[in-house]
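Take a look at the structure set out below.
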Amino acid sequence: MLTYHLKTAVTSLRRNPILTALLIGAIALGVCVATSFVTLRHLYTQDPLPGKSDKVFYVQLDSWGKASSYSDDDPEKLPDQITYRDARGLMRSPIPARQTATYITSYFVFPDPKVARPFQANVRLAFADFFDMFNVPFEYGGPWTKASDAKPEPVAVIDHDTNEKVFRGEDSVGRTIRIGERDFRVVGVLRPWRPAIRPFELNRDPAGPPEPVYIPFNFTEPLEIWTNGNTSGWAGEDVKTHQDFLNSERVWIQYWVELPDRAAQESYNDWLDGYIGDQKKLGRFTRPIKHTITTIPAIIEREKFIPQSVRTMSIVSLLFLAVCSVNLIGILLGKFLARIPEVSVRRALGASRAQVFWQHVVECELIGLAGGLIGIGASFLLLKVLGKFVPSGEVLHLDGEMLLVATLLSLVSGLVAGVYPAWRVCSVPPAMQLKVQ
Amino acid sequence: MNVGPILRAMKQNRTRVALIILEIAMTLAIVTNCVNVIIAERAKINRPSGFDDDNILWMHTRPFSPEFREDAAIDRAIQADLLTLRGIPGVKAAANTHFRLWEGGGSSTQVKAVGTTQTPRSTQVYRATTDIFNTLGVHIIEGRGFQPGEDTDSQPHVVVISRTVADAAFPDGHAVGKSLTQARDDGTPLREPFTVVGVFDTFFNPFGMNPDSWEGKADRAIFLPALVGSYERGIDYLIRCEPGAIPAVMAEAEKRLLASNAGRIVEFQPTPEKKTRWFATEWLTVLVMTGLIVALIFVTGLGILGITALSVSERTKQIGTRRALGATRSDILRHFLMENWLTTTAGIVIGIAGTYALNFLLVAKVTDVKMPWQLVAMGVVLLWINGLVATLPPALRATNVPPSIATRSV
């Protein structure tokens, strides 16, 4: 029966090619716009850390001074980062399955002079757990060991592009790379990797690319490394030496823990209570005990990383598709009603109401699918253009999920446009039209 | 004009009337909201920064040769570089500063007037060499900018502040000559106070990625005279060029600076590019919304045209009968235009409600619902015109139906 419906639908659509083109064009326009902007929104709202978004937490402590809260506008807001002293303190907790303190700095990387000129690179300092915690993908080798963390050993993980630049893309595990004034041994090379949102850098440009070079956190003290990220403070200490900086109440380190279940989360919160209590005895943490652990999606929501306009555009584009379909209702109604004499003959010859109904619905869905196909094709192009405007635009693309959504959108809009006209045309009594004729 | 027959005719064509009403309502709601968004985004883009954004170039040099480890060598390099930069054709002014425009960040501190009980207030703070105000293009409205030599003092004594900072710290006016100090939360001063020597007007540099965090910081700034640079962080410059000279200056500056010392890298970022990147989503929104409005009006116009054309062709016989009974061509034209106007207006009434409903959906927070009535009024007029234009061709066709058609059977 479906093939028969398809055949009649094609015949009917061929009868008036201009009208058919108009119908398909309208759906194509609507689907193209809707698909593109829904995809754009999907880029930012998709799970930033698939499978682990509810297990990885960002730690914040209220280490601010007594006189005023961290934020003037919102007294509930906690400092966005933690101090070096607290990073050291938190690392002693046995509860998290994985944990890391992290920040970025910037260094010169010196390739073999025959290969390239020295270049400046952002370098992330972290503990070994960082890589597994954030599902960082490796091409060669892997993370350094906990033993390398402890000493620390001069080991480094570099990304794909750095490996191309410095080692011409060869498996460089075990080779030496000069970062700043020290030689580091490469233990891992990342696969090409560009998440839409860097889940581990939510303080500065979360839509930026991941850092090209990673070295153990514990080099902070021996190499006297200063952060390249934001630093804020309240105590106004006189910071002259690097040691002053490390001892100060300035916050500049980000701290992440992986807590696999509720029980672990609760006992970690209890542990933080205890930690702050101990610090109070040392005269620090003069404000009431307060700390939070926050999941990545909650931070993204709280800090409003996703431009409001992305949401606006996706809603408006869906409404635009709706207007396109509603417009088609009128046109299809005219087209179908003009066919009433023909339909009543078919009805008189024994076609059931349902058959007539389905025949017309199939015709509309054909329009919907044809329009959808053209619309999806066009949205590939539109997304290329959009990608130039938005943060992380270079990773904007139609994935399988979005193709499915686009197909669904075209089917639904075909249905919205066609169901009422089809119902009207099938409810014509067979005899009446014959009588008139 | 007698509306009765028109309403009865509309009753006979309920579906079509309902469809047009729905289309008009949706279009009005979407178009007004799109325009509303466009206005808001354009306001963000066009907010004056106070800087000569179109012609400022940011340059970063980062040394890797060991001789730069000494502070004195850095200071000498800055002064030599500034001389070199000023000698390049197309350069109006150049300054050494760590202030970077349109990056959503910078450095901040809190200040208060000396000898008061003011709560210290946040402000952006930047160190820069003498020519900074000329380089940025901000206007000194009171007092003066930095004088030569002030920037090489080991400890800055003078400060030039924005009008917003001056107004908050010295509410009785006349900031020049008074003292300002950086202070802790509890009001105790930090370091030696500075003497205010000048006040400049309009300053806007977004501070933080989240617009909520700009409040009370983005338009507040103080500048201290100093040479700024280190081996670890490199040396940054701002260069103000003649209009259109940025590319030439970039090429020439890199050549001359590397000639003076090749043990470093030189990078550039033209401010127009940075500003476009900063406002990328705003620009995109404006473009997309404009495109959608045009497409939407077109699609709706086409829809109304199609439905009216259909209803004319279906009513050919009735039109002929009315003509035979004495209705003039203009009666027929008026009938269809009136019918359409009534339908459009009904759609508009529902659409106004829809406008506010959609606005509510889009802003997510009740307090943000903002829909100026002038905008809605403009949308209403636009849709009336759109309805008229779309109805006119089929309605004119209806006037050409000859009265004789009434005497023929189908």
Determine the relative contact order of chain B: mean sequence separation of Cα pairs under 8 Å and six or more apart, normalised by residue count, in whole percent.
-> 28
Modelled FRET efficiency - R0 51 Å, A:ALA150 with B:ARG256, Cβ distances, 0.05 increments | 0.55
Take every Cα pair under 8 Å in region B:235-379 that's 6+ residues apart, average their separations, divide by the length, and report that relative contact order as a whole percent.
-> 8
Considering only DSSP states other than H, G, I, E and B, which trypsin sites (Lys or Arg not before Pro) in region A:67-166 qualify as loop sites with at most 13 other Cβ atoms within 10 Å?
-> A:ARG92, A:LYS114
If the limit is 30 Å between Cα atoms, which of A:LYS304/B:LYS217; A:LYS66/A:LYS240; B:LYS44/B:LYS178; A:LYS165/A:LYS388; B:LYS44/B:LYS92; A:LYS52/B:LYS274 go over it?
-> B:LYS44/B:LYS178; A:LYS52/B:LYS274
Interchain or sequence-distant (5+) residues whose placed amide H lies within less than 5 Å of the amide H of B:LYS92 are B:ARG240, B:CYS241, B:GLU242
Mind telling me which of B:GLY104, B:GLY115, B:GLY301 comes out most flexible in a GNM of chain B, alpha-carbon contacts under 10 Å?
-> B:GLY115
Can you list the residues of region B:170-194 with backbone N under 18 Å from a point 7 Å past the Cα of B:ARG144, pointing along Cα to Cβ?
-> B:175-179, B:194
Taking r as the C-beta separation of B:GLU192 and A:LYS77 and R0 as 30 Å, the FRET efficiency to the nearest 0.05 is 0.40
Within chain A, longest stretch free of exposed GluC sites (Glu not before Pro) [DSSP loop, at most 15 other beta carbons within 10 Å] | A:238-437
Estimated vicinal HN-Hα couplings, Hz - region A:129-144 in sequence order (Karplus 6.51, -1.76, 1.60; Gly, Pro = x) = 4, 3, 5, 6, 4, 9, 6, 6, x, 9, 8, 10, x, x, x, 6
Principal semi-axes in Å for the protein assembly as shown [√(5λ), Cα gyration tensor, largest first] = 64, 33, 26
Taking chain B as a Gaussian network, where each spring joins two C-alpha atoms under 10 Å apart, which residue of B:THR15, B:THR109, B:THR343 fluctuates the most?
-> B:THR15
Between rounded, prolate and oblate, where does chain B land on the alpha carbon gyration tensor, with a ≥ b ≥ c its root eigenvalues, rounded for a/c under 1.5, else prolate if a/b exceeds b/c?
-> prolate
Report, by chain and number, residues whose modeled amide H sits under 5 Å from the one on A:GLU139, excluding near sequence neighbours (fewer than 5 apart, same chain).
-> A:VAL189, A:LEU190, A:ARG191
Calculated from backbone phi, Karplus (6.51, -1.76, 1.60) coupling profile of region A:188-196 in Hz, x at Gly/Pro = x, 10, 7, 6, x, 8, 9, x, 4
Taking a crude spin-label model, label points 7 Å out from Cα along the C-beta direction, the A:LEU282 to A:LYS66 distance in nm is 1.9
What span do the alpha-carbon atoms of region A:63-289 cover on each of the three principal axes, reported in whole Å from largest to smallest?
-> 57, 42, 34
What percent does the relative contact order of chain A come to when contacts are Cα pairs within less than 8 Å and at least six residues apart?
-> 27
Label point distance in nm, B:THR116-B:LEU361, each placed 7 Å from Cα along Cα→Cβ | 4.9
Inter-chain shielding of A:223-234 (mean C-beta neighbours from other protein chains, 10 Å cut-off) | 2
Kirkwood hydrodynamic radius of region A:268-342, from inverse mean 1/r over distinct Cα pairs, in Å | 18.4
Applying the gyration tensor rule to the Cα atoms of region B:102-227 (axes a ≥ b ≥ c; rounded if a/c under 1.5, else prolate if a/b exceeds b/c, else oblate), the class is rounded
Amide H neighbours of B:HIS98 under 5 Å, at least 5 residues apart or on other chains, H built in the peptide plane: list them.
-> B:ARG127
Which is the longest stretch in chain B that no exposed loop site breaks, taking sites as GluC sites (Glu not before Pro) with a DSSP loop state and at most 13 other Cβ atoms within 10 Å?
-> B:216-410
At a Förster radius of 51 Å, what calculated FRET efficiency corresponds to the Cβ-Cβ distance of B:ALA248 and A:ARG302, to the nearest 0.05?
-> 0.65
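Rule-based calculations on the coordinates, nothing more; no lab input. Computed from a predicted model, the values in this text were never measured in an experiment. Using ideal geometry, Cβ is built from the backbone for each residue, glycine included, and neighbour counts are taken over all protein chains shown.
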